[in-house]
Every structure is written in structure tokens, then in C-alpha cells.
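What follows is a short report on a single structure.
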Amino acid sequence: MLPVSAASEPANQLTVSVVDQVIRHRRTRKILGDLHAPACIPPEFAAQVEQAIEVAGWAPFHLPANKVHRHSPLDSCVPWRFYALNHTSCLQLAHTLVDNAIGNSAPESTIIRLLAAAGALVLCTWLPEPGSSEHTQQLNEEHLAAAAAAVQNLLLASEARGMQTYWSSGGVLKTAACFQLCNIPANQHLVGAIFLFPANTPTNADIHEGKLRHQRGGVETWRSWIDLLSPPTDATET
């Protein structure tokens, strides 16, 4: 923890500018390749992804993961887990999904084409509490929010390293069959499949930008500064 004096010092303006730029420049890039002519990925790409994953782990979390999720080598108290596939594993997964028609996968399927272009894939899960009480639901909301924060950290850390990213809800990747292929416990839930691509995209790829990026509106359309009303005065008071 920083000393109080350090925490109260003005932030370095260059740092502020860089962080703001990374946040503003981050964008959705859905890059669709060809399974029969997959992308060529730089040899150092996996190391860059590992760096981004490590930074992403500094996301905030309010509550520790339930102990039922902490008996494997992945025994951290954080309520998320990241399962990373390098380019070779992405292609192996794509071929397995197609060859076995898992989730009706075909070479022209969106997920398969994403796997063909990706330098890496990170399957991000969140760890639910056992049970179904109202309290359990409240805990799960905390866990899901924390996992989403970790995913956003991954997107920003990747952007800062010159990588392009696409946050997918998963499709076939969230099925039980895919979980089994990737050795992901069945009691975890996918919060996102994060596809990561090098800065230079293949010439045979189709690129789609996020459709809603420029529809979010200005800050005044989703932010409100609150002026609290004074509490009512009891008319019987003298």
C-alpha cells in the first residue's frame, strides 16, 4: 500500500495521458481467417499474451472464490480463471470442433474462422457459489463483476502491447464438450472468450469493427451528478 503522502500526490500527467489513450483506443476487432490458410503468428506473441494475462490479474475482487473451486493447481482465491491457448492449440481446437461437428461447427463458422486468425485465445470463467439462495445470488453478482473487471484489464493490457482483441460470448466454446476438451471444470461459467490477434492482420482475413462503438453517446447521456434533496422537516417540530 502506498504511503498517504504518495497516494495524495498529483498523478504524473504523462501516465494519465497514456492510460486514457489506451482506454479510448481499445476497440472490438473481429478478425475472421481461413482454417485452410491460417495466420502466421510472430514467435514472441505468446509471451506478450502471458504478460497481458499477468497484468489482468490485478483486477479488484470483493470476495474470495468458494473453496469448492480451489482444490486444483489453480487454487487462487480470485473468483475467475483464465485458460489460454496459443496459436497451435487454437488450430487444434478448431479442427477438433469441425471434425466432430461439435455445436454444428464448420470451417465457415464464425468461431472457427476466429480461431484460424487468432494468435491466442483466453477462455475466461467466473466461479459461482454452490446453492441458489438470494445470498448466493448476491455473491455471484460480486464474482461475475470481478471476472468482468479482469477481462477488461486483459483487453487494455493487450491494447497497450499492440494486440487486437475480440471479446466473444463464446458460442460453441461455452459448451460442455468444449470445456472437456480444454480441461475446464464443468462447475465454472464462461464470462468471455477473448481472441487476441497481432497488429498486422492476414491479407485473407475479414475484419469487423464493433457496431456499437460510436453509439454510446457522450458522457452526459449516461452520467448524472446527484444533488441530494434535504430531508423533509417534521411539521410538529418547534
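The values are calculated or read from the model by the stated rules, or taken from the named source; none is laboratory data. The structure presented is a predicted model; accordingly, all values stated were derived computationally and were not measured. Heads up, the Cβs are rebuilt from the backbone with ideal geometry, glycines too, and the neighbour counts pull from every protein chain shown. Only protein heavy atoms, including side chains, enter the accessible area calculation; ligands, DNA and RNA are left aside. Shrake-Rupley method; radii C 1.70, N 1.55, O 1.52, S 1.80 Å.
Overview of results
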quantity: Of residues in segment 145-175 being within 30 Å of Glu108 (Cβ to Cβ) and among the polar types (S, T, N, Q), the one surrounded by the most Cβ atoms within 10 Å (Cβ to Cβ); calculated: Ser158
quantity: Breaking point among (1) touching a His at 6+ places or on another chain (Cβ under 7 Å); (2) assigned to a helix (DSSP H, G or I); (3) open to solvent by less than 60 Å² (accessible area, probe 1.4 Å), for Glu142; calculated: (3)
quantity: Among (1) modelled with pLDDT under 95; (2) buried (at least 19 other Cβ atoms within 10 Å of the Cβ); (3) among the acidic types (Asp, Glu), the one test that Asp206 misses; calculated: (2)
quantity: Answer residue from segment 211-235, given it is without any contact (Cβ under 8 Å) to a residue 60 or more places away in the chain and not in a loop (DSSP other than H, G, I, E, B) and is least open to solvent (accessible area, probe 1.4 Å) among those; calculated: Val219
quantity: Cβ pairs under 6 Å, 6+ apart, first in segment 12-39 and under 15 Å from Thr165 (Cβ atoms) and open to solvent by less than 40 Å² (accessible area, probe 1.4 Å), second assigned to a strand (DSSP E or B) and not hydroxyl-bearing (Ser, Thr, Tyr); calculated: Arg29/Gln164; Ile31/Phe197; Ile31/Ile207; Leu32/Asp206
quantity: Test result for Ile184, within 30 Å of Pro130 (Cβ to Cβ), modelled with pLDDT of 90 or more and either in a loop (DSSP other than H, G, I, E, B) or out of contact with any His (no Cβ under 6 Å at 6 or more places or on another chain) (or both); calculated: yes
quantity: Residue satisfying condition, being surrounded by 15 or more Cβ atoms within 10 Å (Cβ to Cβ) and part of a helix (DSSP H, G or I), within set Ala59, Ala84, Ala65, Ala116; calculated: Ala116
quantity: Condition check for Ala94: in a helix (DSSP H, G or I) and either at positive phi or without any contact (Cβ under 8 Å) to a residue 24 or more places away in the chain (or both); calculated: no
quantity: Residue that is surrounded by the fewest Cβ atoms within 10 Å (Cβ to Cβ), among those in segment 68-81 that are part of a loop (DSSP other than H, G, I, E, B) and of a type outside the set (A, V, I, L, M, F, W, C); calculated: Pro73
